[in-house]
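K.L.:
Below you'll find the structure I mean.
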Amino acid sequence: MTELNRSTKTLSRRAFLQGVLGVGASTLLVSYPVLAEEAKSFPIQKTAAEWKQQLTSAQYAVLREHDTERPNTSPFLHEKRAGIFHCAGCNNELYDIATKFESGTGWPSFYQALDGAVGTQSDRSWFVTRTEVHCADCGGHLGHIFDDGPAPTGKRHCINGVALTFQPKAA
Ligand SMILES: [Zn+2]
């Protein structure tokens, strides 16, 4: 990892913690997420070098290294057209914009994924246990799921916009 990547990661994690926990998080920084089932196998398998060639550095950091983008940076926060969000790694269809809602967190938020589109695992980083959510096809990290979402599911899929692409529905 380069020093540049390291400082970018640290900055985004700090912003994430301040946003979510409302604390000055610099004393809480730890190196890497602790994931329960890191070595799951997915239909789409690529080497780190292959992913690096295909993805931007920001996409790679989130999808493959579980980084978190800085809040309020995703243009998808303001996306209003009808359409489907896809995985930026493998183009799997993940979320219909009809299930997107304004969470006020600074990350694109959805109350439901498309059927079978995502998988979850327990993420024990940051001294709390959260539900990590990833693309079911390539395993790319998308974000986390919380239990404070709106009806009908009560779930909030807090997703890094950089892990998504958007395809508007043809008029
Ligand atoms: Zn994917």
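None of the figures in this text is laboratory data; all of them are computed from the coordinates on show. Predicted model only: the values in this text are computed from it and were never measured. No Cβ is skipped: glycine too gets one built from the backbone with ideal geometry, and neighbour counts run over all protein chains shown.
K.L.:
Which loop chymotrypsin sites (Phe, Trp or Tyr not before Pro) in the stretch 84-171, with loop taken from DSSP, have no more than 14 other Cβ atoms within 10 angstrom of their Cβ? Let's see the in-between values first.
P.N.:
On the way: sites: Phe85, Tyr95, Phe101, Phe110, Tyr111, Trp126, Phe127, Phe146, Phe166; in loops: Tyr111.
Nothing satisfies the criteria.
K.L.:
For Gln54, put the label point 7 Å out on the Cα→Cβ axis and report which residues of the stretch 75-90 keep their amide N under 19 Å from it.
P.N.:
Residues 85-90 fall inside that zone.
K.L.:
Can you tell me which aspartates and glutamates have their Cα less than 16 Å from the Cα of Lys169? Leave out same-chain residues fewer than eight positions away.
P.N.:
Hits, sequence-local ones excluded: Glu79, Glu93, Asp96.
K.L.:
Another question, then. Give a quick list of trypsin sites (Lys or Arg not before Pro) in the stretch 82-171 that DSSP marks as loop, anything other than H, G, I, E or B, with at most 12 other Cβ atoms within 10 Å. Before the final figure, lay out the partial values.
P.N.:
Numbers: sites: Lys100, Arg124, Arg130, Lys155, Arg156, Lys169; in loops: Arg124, Lys155, Lys169.
Listed in order of number, the matching sites are Lys169.
K.L.:
I would also like to ask the following. Can you pull out the GluC sites (Glu not before Pro) in the stretch 42-140 that DSSP calls coil and that have at most 12 other Cβ atoms within 10 Å?
P.N.:
Details: sites: Glu50, Glu65, Glu69, Glu79, Glu93, Glu102, Glu132; in loops: Glu65, Glu69, Glu79, Glu102.
In loop regions of the stretch 42-140 (DSSP not H, G, I, E or B), the sparsely surrounded GluC sites (Glu not before Pro) are Glu102.
K.L.:
Let me ask something else about it. Quote to one decimal, in nm, the extra length available between Thr165 and Ile44 on full extension: 0.36 nm per residue of separation minus the C-alpha distance between them.
P.N.:
41.8 nm
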